[in-house]
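Structure record follows, encoded as structure tokens.
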Amino acid sequence: MDADSLLLSLELASGSGQGLSPDRRASLLTSLMLVKRDYRYDRVLFWGRILGLVADYYIAQGLSEDQLAPRKTLYSLNCTEWSLLPPATEEMVAQLSVVKGRFMGDPSYEYEHTELQKVNEGEKVFEEEIVVQIKEETRLVSVIDQIDKAVAIIPRGALFKTPFGPTHVNRTFEGLSLSEAKKLSSYFHFREPVELKNKTLLEKADLDPSLDFMDSLEHDIPKGSWSIQMERGNALVVLRSLLWPGLTFYHAPRTKHYGYIYVGTGEKNMDLPFML
């Protein structure tokens, strides 16, 4: 959700129980304004909160003028002091696939994982147990990256792509109509396209290259991983991810108000294919 309209955004997302105390709201309003000024971001998004056993991580993201350029991620434990996180790497994500359970809430906490490695001594080959230590800060980077790639979404038309390549906020976007807002095909993944490149020329024929340049939600796997509900007498559409419980997207049809927030434990619902 956009930090410039934080209070309204939190109010629209409050139907899922994702609220903040008045002092946290006040701290976020001022601190995110300073983050935007100090780091010279074009936009700052309040991404959400990952719940820990000792403390919670509050997450914000900074966007450059090109909206699909890699986002900078920051975290805070008190909504006042923000620390920049390093970008996620494939090696980092692969290494952390073995870490399970809740976050502690301490960035310096280290998870211990035992790996078997083959060691050669002359002609003999034997396996040796090696204890690998993984910092919670590294796990935080990996989980945020996975959630962004899987369930960060925007409505169709909110961004437009220029012929020269960069993607900008569409200032003429006035919201989806009520009928469009009820369709999964009206929402896109807020990242570089993956599935779009595999489409045939015939499938791309009806697409507008300036608006339909990202992957739609309607072909997400597993099918049925999104829940769409109309609230407040059809004045608000809410999408909830069943794959990453805690991710809520909201949009008020025929208005510019939209956004998403994640409030959860940072754990993926691996059992979803068996629940549908």
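Shape annotation for the range 28-97: C-alpha extents along the principal axes are 35, 32, 15 Å, from largest to smallest.
For the range 69-79, 3J(HN,Hα) computed residue by residue from phi via the Karplus equation (6.51, -1.76, 1.60; θ = phi - 60°) reads 5, x, 7, 8, 10, 10, 10, 9, 9, 10, 6 Hz, glycine and proline entered as x. Convex hull of alpha carbon positions in the range 89-162: directionally averaged projected area 8.9 nm².
For the chain, averaging the sequence separation of C-alpha pairs within contact (under 8 Å, six or more residues apart) and dividing by the residue count gives a relative contact order of 17 percent. Positive end of the dipole of the chain, charges at C-beta (+1 Lys, Arg; -1 Asp, Glu), about the Cα centre: which of Leu140, Leu68, Leu116 has its Cα farthest in that direction? Of the candidates, Leu68 comes out farthest on the positive side. Counting only heavy atoms of the protein chains and using a 1.4 Å probe, Lys197 has close to 150 Å² of accessible surface. The orientation-averaged projection of the convex hull spanning the C-alpha atoms of the range 59-201 amounts to 15.1 square nanometres. Of the solvent-accessible surface of the chain, computed with a 1.4 Å probe and all protein chains present, 53% belongs to carbon and sulfur. With a 10 Å cut-off between alpha carbons and a GNM built on the chain, which of Gly264, Gly233, Gly246 moves the most? The residue that fluctuates most here is Gly233.
Where Rh is the Kirkwood radius over the Cα pairs of the range 1-140, the temperature 37 °C and the viscosity 0.692 mPa s, what D in µm²/s does Stokes-Einstein return? Here the translational diffusion coefficient equals 188 µm²/s.
Relative to the present Cα-Cα distance, how much length would full extension add between Leu272 and Gln133 at 0.36 nm per residue of separation? Walk me through the numbers before you get to the answer.
Values: separation 139, 0.36 × 139 = 50.04 nm, distance 2.98 nm.
The span from Leu272 to Gln133 would gain 47.1 nm if fully extended.
Amide H to amide H, with H built 1.01 Å from N, Arg43 comes under 5 Å of Leu63, counting only residues 5 or more places away or on other chains.
Here the Karplus curve 6.51 cos²θ - 1.76 cosθ + 1.60, taken at θ = phi - 60°, turns the phi angles of the range 86-101 into couplings of x, x, 6, 10, 4, 5, 5, 5, 5, 5, 8, 5, 8, 7, 10, x Hz, with x standing for Gly and Pro. Over the chain, the fraction of Cα-Cα pairs per 5 Å bin, rounded to whole percents and listed from the shortest bin up, is 1, 5, 11, 15, 17, 16, 13, 9, 5, 3, 2, 1, 1, 0, 0. Residues whose amide H lies under 5 Å from that of Arg156, counting only those 5 or more places away or on a different chain, are Tyr187, Phe188; hydrogens are built 1.01 Å from N in the peptide plane.
Phi-derived couplings, Karplus 6.51 cos²θ - 1.76 cosθ + 1.60 at θ = phi - 60°, listed residue by residue for the range 238-244: 10, 10, 10, 7, 8, 7, 10 Hz, with x used for Gly and Pro. Taking the C-alpha atoms only, the angle from helix 136-151 to the longest principal axis of the chain is near 40 degrees.
The values are calculated or read from the model by the stated rules, or taken from the named source; none is laboratory data. Being a predicted model, the structure only gives us computed values, none of them experimental. Note that each Cβ is placed from the backbone with ideal geometry, even for glycine, and that neighbours are counted across all protein chains shown. Accessible surface is based on the protein model in full, side chains and every heavy atom, while ligands, DNA and RNA are left aside. Shrake-Rupley method; radii C 1.70, N 1.55, O 1.52, S 1.80 Å.
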